[in-house]
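Accompanying notes for the structure given below.
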């Protein structure tokens with residue numbers, strides 16, 4: 001039987017793919033060494049058993065249906081099914097087959113796609129997990145914005161009940177105004193984030209013209225007490241580029257986290273100075289934040305700077321969230337962020353956005 005196919009022997013032996021000739025009776029007539037190697041059966045076992053014997057039980061029905069089409073002289077391409085090797089391992093194969101009606105034979109070649117299928121399965125599991133995680137995060141976001149709004153409103157209500165005629169100390173009155181402003185700012189942000197959670201159905205981020213001086217003023221005002229307690233100086237130099245097209249909410253968060261990060265990691269013996277400048281370089285917007293703080297070793301920290309919950313100093317308030325948020329905001333805006341720093345010599349963060 002095998003001698004009549006001797007003219008195919010060279011082709012059969014050279015190709016790394018699984019090549020076979022099968023009869024319309026459902027048996028292998030000729031297979032190449034790759035079939036033996038992949039499935040682990042001897043030639044005698046492959047020729048003496050029907051092809052369906054080697055097919056994974058869940059794929060037998062679909063394979064039988066396709067075989068019926070082949071017997072009606074229909075060419076088959078990219079048909080995928082599973083075989084079971086002699087060791088019990090499942091092997092995924094992708095078949096291209098051509099029937100020859102006159103000889104009652106089917107010429108077929110298959111590629112092993114087991115790794116591809118495993119990667120697809122892993123990807124599907126990952127996508128499912130990410131979908132569930134995204135749902136959980138949105139739920140947490142809704143819950144947080146909802147549950148925080150009530151105590152903030154309560155604080156503002158208490159503020160309204162205070163009788164200021166009984167307060168004579170000017171500094172106390174000033175602090176009360178700052179307290180009110182902080183509560184109102186928090187309520188405003190909660191409302192914004194809650195609205196975004198309700199309405200955001202895509203990755204599109206709305207942009208408009210943003211005044212950088214106003215962003216800086218709003219952010220520094222909201223953390224006025226922190227700046228005052230640290231005796232910090234925040235300098236905004238936007239003469240070259242006073243306005244940019246971006247998303248104000250994202251920019252405010254970026255400014256807030258970079259400024260508070262600089263204050264948090266200030267040198268104990270030195271007044272913190274944070275400088276923010278803007279300019280156009282090679283048709284791109286550059287926002288540069290520079291401080292005179294503790295800095296960090298870039299060689300040691302370069303792969304961790306923007307990681308989630310990564311901290312560089314033993315500060316009691318360090319959570320490793322601020323720079324992570326900054327990085328993700330910048331990426332969401334389609335930009336990049338570079339860092340220059342040396343231990344003990346401060347840090348410079350350069351944000352690059354499309355103009």
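Computed from the coordinates by the stated procedures, all read-outs in this text should not be read as laboratory data. From a predicted model like this one, the values you see are computed outputs, not experimental measurements. All Cβ positions, even for glycine, are placed from backbone atoms using ideal geometry, and neighbour counts span all protein chains on display.
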## Note on the structure
Subtracting the Cα-Cα distance of residue 111 and residue 123 from 0.36 nm times their residue separation yields 2.2 nm
### Query
How high is the relative contact order of the range 204-355, in percent, counting Cα pairs under 8 Å that sit 6 or more residues apart?
24
### Query
Going by average Cβ neighbours within 10 Å, how do the peptides 104-110, 122-128 rank, with the highest at the top?
104-110, 122-128
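Output the peptides 271-284, 69-82 sorted from most to least packed, where packing is the average of other Cβ atoms within 10 Å over each peptide's residues.
Values: 271-284: 15.3, 69-82: 13.6.
Output ranking for 271-284, 69-82: 271-284, 69-82.
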### Message
Which order do the peptides 23-33, 53-63 come out in when sorted by mean C-beta neighbours inside 10 angstrom, highest first?
### Response
23-33, 53-63
### Message
Give me the percent relative contact order of the range 13-118, please, defined on Cα pairs under 8 angstrom at least 6 residues apart.
### Response
28
#### Entry: Pairs of Cα atoms farther than 25 Å apart, the range 204-355, %
24
### Message
Can I get the semi-axes of the range 2-112's equivalent ellipsoid? Compute them from the C-alpha gyration tensor as square roots of 5 times the eigenvalues, in angstrom, largest first.
### Response
19, 18, 13
## Note on the structure
For the residue 342, residue 134 Cβ pair and Förster radius 51 Å, calculated FRET efficiency rounded to 0.05 is 0.85
